[in-house]
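Student: Handing you a structure now.
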Amino acid sequence: MRKDFRHMASEELLISGIEYKVRKLMDINTALMDENEKLKQKVDYLTQELEQLTLRLQKAENRIVKLSLANTLEYNFGVEEGKEKLEKLIQEIDRCIDVLSD
């Protein structure tokens with residue numbers, strides 16, 4: 001009988017240890033799921049911020065191109081002649097768009 005008591009105590013200790021480890025794993029799993037959700041939200045936020053910054057960068061680049069063109073025309077031809085050249089370029093672009101549209 002003594003062996004049976006020791007054997008049962010050993011089994012209970014083993015089961016108790018397994019239960020403790022399972023609970024610990026469940027707690028870790030919950031914490032990881034919470035962290036994963038927070039990271040997903042952060043990725044979404046950063047993706048939106050990146051899209052906004054990319055749009056701002058494109059606008060700034062377009063503005064730089066326009067200013068560079070205006071400065072080049074003004075420097076090479078003067079203000080009035082530069083405006084005339086720019087108007088001619090715009091008309092040429094419009095004609096090209098019309099031809100491509102047909």
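Student: Taking the options 84, 37, 80, 61, name whichever one is more than 13 Å from the chain's Cα centre (by Cα) and surrounded by fewer than 10 Cβ atoms within 10 Å (Cβ to Cβ).
Tutor: 80
Student: If I ask for residues that are among the small types (Gly, Ala, Ser) and at pLDDT below 90, which ones from segment 1-22 would you list?
Tutor: 9, 10
Student: Just one of (1) modelled with pLDDT under 85; (2) surrounded by 10 or more Cβ atoms within 10 Å (Cβ to Cβ) trips up residue 25, so point out which.
Tutor: Here residue 25 meets the rest and fails (1).
Student: Please go through segment 70-94 and give me each residue that is hydroxyl-bearing (Ser, Thr, Tyr) and at pLDDT 80 or above, ordered by number. Even if it seems obvious, please write down each step before you answer.
Tutor: Kept after step one, since they are hydroxyl-bearing (Ser, Thr, Tyr), are these residues of segment 70-94: 72, 75.
Selection gives 72 alone.
The values are calculated or read from the model by the stated rules, or taken from the named source; none is laboratory data. What you are looking at is a predicted structure, and each value in this text was computed from that prediction instead of being measured. Methodologically, a virtual Cβ is constructed for each residue, glycine included, from the backbone with ideal geometry; neighbour enumeration extends over all protein chains shown.
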